[in-house]
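Inspection log for the structure reproduced underneath, given as structure tokens.
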Amino acid sequence: MTPEEFRRRVEDGGFFEWAEYLGNLYGTPVPHPPRGSDVLLEIDLQGAEQVLAKCPDAVIVLLLPPSTEVQRARLVARGDPEEHVRRRLSKGAEEVARGRELAQHVVVNAELDQAVQDLAGIVSGTRGKDVDGS
């Protein structure tokens, strides 16, 4: 959608969360999951803060690369321009501290299969718990 359509949708309450990140607009439509289902979002810090404001019992997982060098290599490998890589790494460094404050869990994405298992374990372990963990 165009930036104008996106902004109209924001004004109309059409996003569960949204953010402008490094000059691009991102948003999650308001989910309508079946009762008893989990909603898993891959979002940035701005989105996580919005989700927590709407759903204080949301479980936030901070997903981190194993190192800045690995993150740089991943961005380069996917074809990101050098300026974007620099901006992304700089922004990421700023966000880690705030992410650690918000998140109840941290997963290091060194190996995809292990990161998926770790995340699945967190989801499974938090199902049916109250906000206080009981």
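Coordinate-derived values only; no laboratory data. A quick note: this is a predicted structure, and the numbers were derived from the prediction, not measured. Ideal geometry is used to build each Cβ from the backbone, glycine not excepted, and the neighbour counts take in all protein chains shown.
Structure notes:
- The chain, helix-only ellipticity at 222 nm - DSSP H runs n ≥ 4, -39,500 (n - 2.57), divided by all residues, nearest 500: -15500 deg cm²/dmol
- Rg over Rh, two decimals, the chain (C-alpha only, Kirkwood Rh): 0.98
- Within the range 36-84, GluC sites (Glu not before Pro) in DSSP loop having at most 12 other beta-carbon neighbours inside 10 Å: 42
- Residue range of the chain that is longest and free of trypsin sites (Lys or Arg not before Pro) which are both DSSP loop and sparsely packed (at most 12 other C-beta within 10 Å): 79-126
- Total charge dipole magnitude, the chain, about the Cα centre, Cβ charges on Lys, Arg, Asp, Glu only, Debye to nearest 20: 80 debye
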